[in-house]
Every structure is written in C-alpha cells, then in structure tokens.
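Asker: Just passing along the structure, written as structure tokens.
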Amino acid sequence: MPLDAIYLSALTAELKEKLEGGRIDKVQQPERDMLLLSLRAKGENLRLLLAAGTGNARVHLTESSFENPAEPPMFCMLLRKHLVGARITAVCQPDYERLLMIKLECHDEMGFACQKKLVAEMIGRSANVILVDGEGRIVDCMRRMDFGGDAQRRMLPGMIYRLPPRQEKPPLLETNSAQRQAMIAGADRQQSPDKWLLNSFAGLSPLVCRELAHRCGGSYDTLPELLDAFVDSVQAGDLRPCILYEDGKPRDFSFMPISQYGPAVGCREEESFSKLLDSFYSQRDRAEQQRRRSHQLFKTVRTIRDRIQRKLASQTEELRRTEDRDEVRKTAELVTANIYRIKKGDRTLECVDYYDPECPTIRIALDPLKTPQQNAAALFKEYNKLKAARSHLTGLIEEGERQLDYLNSVLELLSLSETEKDISDIRRELIATGYLRKQGGTKADRSKAQAPWRFVTDDGFEVLAGRSNVQNDELTTRTGRRTDYWFHTQRLHGSHVILRCNGMGPTELAIAQAATIAAYYSQGREGGKVPVDYTMLRFVRKPSGALPGKVIYTDYKTIMTEADEALVRHLKK
C-alpha cells in the first residue's frame, strides 16, 4: 500500500498537532505486531495505533475496538513499565524516511527524568517498533533482528540504534528544478515515465509515479513542468487524504486525487489522514485477523463436512441401485414359476415373461453350482436386501443432509465471528453436539458464553442477533417473547434475529433495520439484495431432536433488503 514518505509527512504534521504535550495512560498489544497507546492530549482522549506487520505497517489515531489477549506479551509489559505516564514532547519524521519518531519525557526506576524515543519503522518486511533510551541504545523492539543484512541495523536490546541507510537515489522533495531537468534530459526514453520516476527518486510510491506519468500523458516533454508544480504543491502543504473505491470496497489511498483509473475506480476525500488509514485498514485487518484465528477450527469443520458429503454421495448411489429391486423380485418369481424346467448345472433359463402383456421369451442367468430352489432363494434374498437397504439408506441420507446443513451453518457463523470468544462459543457447541472431542490434558474453557450482538433501531427498538447456533436457539426459545418478531434470511444460513417489541407493534423502520441486520449476519452479506422472512415468535418452533439452530416457522412475511455495514455499525451497541 502507498504509505510513502510524502503521505507520512502529511500524517506526521497531523499527529504532531494532536499528540505533542499528551500523556500516555495505557499501553496494549492486541496483536503480535500491533500496539495501542491510550493517551490524554489537549483535553481529548485519543488512541494511537502502531502496526508493524508486513503489508500493513502504519501509525494513526483510531476509533476501532480491539480484543486483548488473556496474557499481555512481554514487549507490552516492558512498554508499560517505561511509557505509562510519559509525556510526548515531539513527533517527527527524520529525513523523509518511512518512519515516525515519538520523543518522550519519562522517569526512570529512581524517579529521575529521562528521555526516550519510540520509533515506528514502516519499511516493508523490516517494519518494526523500537524503544530507544536517552543514550541512543535499543531498550527492546517488537521484532528482534539478529541475522542478515547490515550488521549496524541488527535490532537487539543494548545495541546502538541507527537510522536506516539513505537510498542512493535522491528524495524528490530535496531536488531543485535544475537538477530535475538535468536528470530528465539524461533519462532513457525507452523506459516509461512512471518506471523512470520510481527508479530515479526516493519517497514516491508506484501509485504516485503512475499518476504523475498519467497526468503528463506519458511524455517526458511535459514532465519537468509537472514535477515543478507537484513539488511546489507538496511543499506548500496542499495534501489531501484520498481513498480509492472499486465495487464499493477500499482499494488504495494517497495524499492526492487519483485519476489514472478513470470511472472504474472512485476517489473520495476523507476528513483526515488518520481517519483514512483507520477506515482503510480496519475492515481488511478485522477480516484477516478473524480468518487467522478461526483457521484451524474452520479447517476441522470443513473436513468433517466434506467427509459427510462423500458419504452422502456414496449412499445416494447405493439408493439409486435399490430402484431395481422390483426387477429382481420379478426375476425370482419367474424362476420359481419355471423351477420344474431347471436342472442343477444349468447356466440360463429361457422362459416366457408373463409380466409383459406381449409375453416375450427372456433369458435369466443362473448359478450352475446351486440347485433350482437355491437360485430362486438367492434372488428373493437379494430382493429383500435391496428393500431393507432402501428404507435404511433413506433414513441415513435424511440424517446426513441434516448434519450437512448444520455444519454449513457453523461454517457461516465462523466466517461471521468477530472475536476469539465467538470462536470459543462455537467450539463448545461442536463439542456438545459430538462433532469435536474435548482435548485431553488441556485446561477447561471456563470463559462465559458471549451475550448476543445487540442493536437499537433509530426509533428505539432493541434488536438481538445470535453469535452461534446454540445462542440462536437460546434467543428463539428462551430470550424472546411470543409477541417479539423473529427474522432470518430465506434459504440462507445466518443468525436468528429478534426484534424486541415489549407488547407494542413494530414500526416499518424497525422491521426494515432488523431485516438489514439479519441480512448482514448471513450468507447473503456480499450478495446484494436478499429475501428476509419475519414473523411473530409464537409462530416459530423447534422440532424435537433437531440440531442447534434448526427451527420451523409459519405465518411469515418476506422483505427484500441488502446488508448495509455502515447501518449495522451505526445501530450496534
């Protein structure tokens, strides 16, 4: 992503105004490569996020919520010791590098004032967060590096911290017009302007290079004037946080409007550089973190589901073969009717098929090692076996289809889960239903089940949505009242949604917003408009012996709606 030096300079100026003079109150590490600093600055409570993951390194203020691990990591404990109570004296970006330095005024173990620096390096795979003491030595870092690369840049406690070595190519903003014109005059014209810009100047992302090349029409002749105007605008602070959308989803961002994609990609200006990064990364990171957390359980459930699918296919094929049972019975009766004509050792029997109105002569294969009576008995035995198999297989297939439907609903709820506790609830459900074994030698999961997702409509009605099939049952059979309204996507797996009415009739707005919530927490989240059925809870019942989450409902109406994430976030409590 294009978090280049120029974007970072604009972000630094924004954070400098917000953070300087602030005091750090709390340090958290919700993920292995993410820090969250809660601080008080200029009468505001702010939260500063520092991420050092490959592909998502960044620093910005955030309003998103994060789930903390049960035990804080060692790096988090060390930062709490050094940073809690520290005052931010400066926020800077040295030498147009892709790093942000936060200078701090702290107190040591003896209570004496000391200086420290928290450095966030956002340089590709080397992204890191480093705590440096007043003497310039590394106290510790998020990702220790003791191998490869430049020995002076190895990150270990006690080593001297040094800034990354400067690139051989000059930063664009440190060149003057004459230097740029001389470089353009000596450029290889066989190379496209965007490639030349990327290879000639530091501090530019590929996206910005492509945009500059697009604005000059791919010609080197107009490039000097364009670069002069571009540098003047950046140095004058004419930078705007722009986010690019494709098919309604964030695709890229920059410090300038982007027009190279034409009408295929929309460009929208955000309120601030921090809010742009928070908006851009929050949805993507949340999905990636949840995928990572639920990966093993998702894989296990999918393996069980695939095994049941293979078994169902085999049973369906066996059931298809039982459709010939009447033909076997007819053959057995024809052998019995002509038993006086058969001798032991005969391999075939030619007889008249009196079941056919035209009474044709047919040939029936016999076992020469069996007597006529044994041949007839074997055929009747095969018929009875096929008859019993049909009845047995029908029951097995119905049970298999119920299990398959249930496991598909579990997979869907896993994809909708938002926290580690949601996944724990689903794991407990699978253990209770017998699909997973309780691991021996592991500590019992004593965490309480999560409360359902809770929303309040714009006209004051409370809405509840289940996080798991067990919770769906709890909502539908115990929590909800008979006069409440129940919502569920039609023929799609998803959460049971209850609209609490408290004896009143629901408004059209409440019904529409509850249906939107049901669509959002279902398989139809990404599918455009989906049908959502709703009815009073008294018309919903759970069949005896049904798996969790399975209900039957009548007297329902259907509303067409679309999953609206912005609305769901607005209503969520």
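The values are calculated or read from the model by the stated rules, or taken from the named source; none is laboratory data. Predicted, not measured: the structure shown is a model, and the values here were computed from it. Using ideal geometry, Cβ is built from the backbone for each residue, glycine included, and neighbour counts are taken over all protein chains shown.
Asker: Restricted to region 424-449, and to residues that are surrounded by 16 or more Cβ atoms within 10 Å (Cβ to Cβ), at pLDDT 85 or above and of a type in the set (A, V, I, L, M, F, W, C), which residue is farthest from the chain's Cα centre (by Cα)?
Answerer: Here the answer is 436.
Asker: A follow-up question, please. Please tell me if residue 231 is on the phi < 0 side of the Ramachandran plot and within 24 Å of the chain's Cα centre (by Cα).
Answerer: Working: on the phi < 0 side of the Ramachandran plot: yes; within 24 Å of the chain's Cα centre (by Cα): no.
It is false that residue 231 is on the phi < 0 side of the Ramachandran plot and within 24 Å of the chain's Cα centre (by Cα).
Asker: Can you report the number of residues in region 239-259 which are surrounded by fewer than 13 Cβ atoms within 10 Å (Cβ to Cβ) and at pLDDT 90 or above?
Answerer: 2
Asker: Among the residues of region 337-360, is there at least one that is closer than 30 Å to residue 420 by Cα and out of contact with any Phe, Trp or Tyr (no Cβ under 7 Å at 6 or more places or on another chain)?
Answerer: We begin by selecting, within region 337-360, every residue closer than 30 Å to residue 420 by Cα; these are none.
No, region 337-360 has no match at all.
Asker: While we're here: Among the residues in region 127-149, are any farther than 30 Å from residue 81 by Cα, outside the structural domain of residue 223 (by TED's automatic domain parsing) and outside any helix (DSSP H, G or I)?
Answerer: yes
Asker: Given the residues 118, 48, 100, which is the only one that is surrounded by 18 or more Cβ atoms within 10 Å (Cβ to Cβ), of a type outside the set (Gly, Ala, Ser) and under 24 Å from the mean Cα position of the chain (by Cα)?
Answerer: 48
Asker: Out of 543, 548, 506, report the one residue that is in a loop (DSSP other than H, G, I, E, B), at pLDDT below 95, under 18 Å from residue 410 (Cα atoms) and not charged (D, E, K, R).
Answerer: 548
Asker: Could you tell me whether residue 516 is more than 16 Å from residue 549 (Cα to Cα) and outside the structural domain of residue 67 (by TED's automatic domain parsing)?
Answerer: Values: more than 16 Å from residue 549 (Cα to Cα): yes; outside the structural domain of residue 67 (by TED's automatic domain parsing): yes.
So residue 516 passes the test.
Asker: Can you spot a residue in region 376-394 that is closer than 17 Å to residue 329 by Cβ and among the polar types (S, T, N, Q)?
Answerer: Checking region 376-394: at least one residue is closer than 17 Å to residue 329 by Cβ and among the polar types (S, T, N, Q).
Asker: Test residue 396 against the criterion of being over 30 Å from residue 451 (Cα atoms) and hydrophobic (A, V, I, L, M, F, W, C), and give yes or no.
Answerer: When the stated conditions are applied, residue 396 passes them.
Asker: Just give me the residues in region 167-209 being under 25 Å from residue 254 (Cα atoms), over 37 Å from the mean Cα position of the chain (by Cα) and among the basic types (Lys, Arg), in sequence order.
Answerer: Scanning region 167-209 gives 169, 180.
Every residue, every condition in (1) of a type in the set (A, V, I, L, M); (2) assigned to a strand (DSSP E or B); (3) more than 22 Å from the chain's Cα centre (by Cα); (4) under 19 Å from residue 405 (Cα atoms), yes or no:
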| residue | (1), (2), (3), (4) |
| --- | --- |
| 458 | no, no, yes, no |
| 471 | no, no, no, yes |
| 486 | no, yes, yes, no |
| 566 | yes, no, no, no |
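Asker: Could you say whether any residue in region 34-44 is in a strand (DSSP E or B), surrounded by fewer than 15 Cβ atoms within 10 Å (Cβ to Cβ) and not polar (S, T, N, Q)?
Answerer: Yes: region 34-44 contains one or more residues that are in a strand (DSSP E or B), surrounded by fewer than 15 Cβ atoms within 10 Å (Cβ to Cβ) and not polar (S, T, N, Q).
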